[in-house]
Amino acid sequence: MRITGIRATPVAVPYRADEIWAFGRRHGQISVLIEVTTDEGVTGLGEAAAYPSAEIVLAVLRGLEPLVLGEDPFAVERLVRRIDLVGTWHHVKATSPAIAAVEMACWDIAGKVCGQPLVNLLGGRFRDRVECFYYVARSSPGEIAEEAKRATEAGFGTCYLKVGSDDPRTDIERVAALRDGAGPGARLRVDANEAWSPGAAVRMVRELQRYDLELVEQPVSGRNLAEMAYVRNRIDVPLLANEASWTRHDQLAVIRAGAADVLSVDNQMDGGLLNLKRGAGICEAAGLPVVKHSLGELGVALAAAVHAIAATPNFRYANQAYGALLADDVTAGFGGGIESYVDGCVPVPAGPGLGVTLDRDKVDSYAELYRTRGAEFSFGDPGALSAAHALPKF
């Protein structure tokens, strides 16, 4: 079997509520769906987050074609090494989502040909379903409390909230509202997206720990591991590395620096599902748990991640997903939206390969939305662009 083509379709899917973080917002999710075709008529699905933009993902996919066409989709290791080394893509992180989408599609092909769900090809089921957190959109304290209540009523055990506001008192009010709405039994996770200096991070985490935080994610710059270790050694809430740990090489550096208690892993940022498992294995050898990070994903990428997580032991916390924000999805029968979750968990798809199919009408509709209004769904925020932001905020 040989690969004969890569077909790419950018789509834009709206959110129910804007995603807002320390330095911007977006109104919906842009993903690049890919279909890898073969000479035997089997097609594999993949998905790339539009990071840093859909245009860059599409350019990388065009650049990958000479390295992919004519190759055996079963030879995943050979194919990825060919991209990394012959194509010299291994040192450019912005190319990773496109590479990961191609690798994902190859795994889908392999599973379909074997008649097996992908989880069985990645080590077999360690768990039958994957827990995800409920992404609470940052808004007023009253709205946060209502959304947190909705999360617990829907069966989610973990609520996630972005902090890193311009005024730290606003963060305290929002986290207090999150606890009020979620109730005493819920696990709460906050993410500052590198917005704080080390001293401010220590002070803020000590202020917020009264709300019984499960994890504090990337409170300081991910580029300075000594700062992270400084903060980690002065707070009682476990520190989750995110921007510091997007690749397995980064994860090894975080471990060596003693800079985190839990590490994020991400197949899209590390170029594939095999690399996600490698990174998780490095962390397991260090005695550390991992969580799945997401740049935003629809049903195709969510399904791929669920298969990999289900086959990897040390995913001990709820993982990042976008079901609470997405207004719709592009798959049939398995969606990236909230309807796919049962008590905050996503069941492992049972069909061969990724176990998902595209809803062609929805793909066409959201591809048209991307063509006509795609700029409205990018990471950019006009309000943020007009401000003079700097790291850290204080």
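Assessment of the stretch 285-294 against the conditions (more than 28 Å from residue 378 (Cβ to Cβ), part of a helix (DSSP H, G or I) and over 16 Å from the mean Cα position of the chain (by Cα)) yields at least one matching residue. Contact map, the stretch 173-200: residues that are closer than 16 Å to residue 231 by Cβ paired with residues that are among the aliphatic types (A, V, I, L, M) and at pLDDT below 95, Cβ distance under 8 Å, separation 6+ or inter-chain. Pairs shown: 192/22; 193/22; 194/22; 194/391; 195/22; 195/391. Of the residues that make up the stretch 120-142, is at least one under 30 Å from residue 352 (Cβ atoms), in a helix (DSSP H, G or I) and over 20 Å from the mean Cα position of the chain (by Cα)? Among the residues of the stretch 120-142, at least one is under 30 Å from residue 352 (Cβ atoms), in a helix (DSSP H, G or I) and over 20 Å from the mean Cα position of the chain (by Cα), which makes the answer yes. The set of residues in the stretch 341-354 that are touching a strand residue (DSSP E or B) at 6+ places or on another chain (Cβ under 8 Å), in a loop (DSSP other than H, G, I, E, B) and either more than 23 Å from residue 12 (Cα to Cα) or not assigned by TED's automatic domain parsing to the domain that holds residue 290 (or both) comprises 344, 348, 349, 350, 351, 352. Within this structure, residue 101 fails the test of being at pLDDT below 95 and under 30 Å from residue 138 (Cβ atoms). Evaluated against (1) surrounded by fewer than 19 Cβ atoms within 10 Å (Cβ to Cβ); (2) under 19 Å from residue 139 (Cα atoms), residue 189 falls short on exactly one condition, (1).
On the stretch given as the stretch 322-375, residues that are acidic (Asp, Glu) and touching a Pro at 6+ places or on another chain (Cβ under 9 Å) total 1.
Can you work out which of the residues in the stretch 197-227 that are among the hydroxyl-bearing types (Ser, Thr, Tyr) and in contact with a helix residue (DSSP H, G or I) (Cβ under 7 Å, 6 or more places away or on another chain) is surrounded by the fewest Cβ atoms within 10 Å (Cβ to Cβ)? Among those residues, the one meeting the criterion is 211.
When 8, 12, 22 are checked against the criterion of being over 21 Å from residue 109 (Cβ atoms) and touching a Leu at 6+ places or on another chain (Cβ under 6 Å), a single residue qualifies: 12.
Among the residues of the stretch 208-230, is there at least one that is farther than 26 Å from residue 30 by Cβ, without any contact (Cβ under 8 Å) to a residue 12 or more places away in the chain and not β-branched (Val, Ile, Thr)? Within the stretch 208-230 (the criterion being farther than 26 Å from residue 30 by Cβ, without any contact (Cβ under 8 Å) to a residue 12 or more places away in the chain and not β-branched (Val, Ile, Thr)), the answer is yes, since at least one residue qualifies. Looking for something in contact with a Phe, Trp or Tyr (Cβ under 9 Å, 6 or more places away or on another chain), more than 26 Å from residue 139 (Cβ to Cβ), outside any helix (DSSP H, G or I) and in contact (Cβ under 8 Å) with a residue 40 or more places away in the chain - is there at least one such residue anywhere in the stretch 328-340? Yes, the stretch 328-340 has at least one match. Scanning the stretch 132-165 for residues that are small (Gly, Ala, Ser), free of Cβ contacts under 8 Å to residues at least 40 places away in the same chain and under 21 Å from residue 23 (Cα atoms) yields one hit, 140. Residue count for the stretch 169-186 under the criterion of being in a helix (DSSP H, G or I) and surrounded by fewer than 19 Cβ atoms within 10 Å (Cβ to Cβ): the result is 6. Scanning the stretch 35-51 for residues that are outside any strand (DSSP E or B), under 20 Å from residue 273 (Cα atoms) and out of contact with any helix residue (DSSP H, G or I) (no Cβ under 7 Å at 6 or more places or on another chain) turns up just one, 43. Of the residues contained in the stretch 67-75, none is found to be part of a strand (DSSP E or B), in contact with a Lys or Arg (Cβ under 9 Å, 6 or more places away or on another chain), more than 17 Å from residue 273 (Cβ to Cβ) and not hydrophobic (A, V, I, L, M, F, W, C). When 16, 25, 62, 7 are checked against the criterion of being without any contact (Cβ under 8 Å) to a residue 60 or more places away in the chain, more than 23 Å from residue 277 (Cα to Cα) and in a strand (DSSP E or B), a single residue qualifies: 7. Comparison of 25, 2, 16 shows that the only residue that is modelled with pLDDT of 95 or more and of a type in the set (Lys, Arg) is 2.
Taken together, the residues in the stretch 128-143 that are in contact with a Cys (Cβ under 9 Å, 6 or more places away or on another chain) and either surrounded by 23 or more Cβ atoms within 10 Å (Cβ to Cβ) or outside the structural domain of residue 302 (by TED's automatic domain parsing) (or both) amount to 6.
The values are calculated or read from the model by the stated rules, or taken from the named source; none is laboratory data. Owing to the predicted nature of the structure, the values given are computational and were not obtained by experimental measurement. Please note: Cβ atoms are built from the backbone with ideal geometry, for glycine as well, and neighbour counts cover all protein chains shown.
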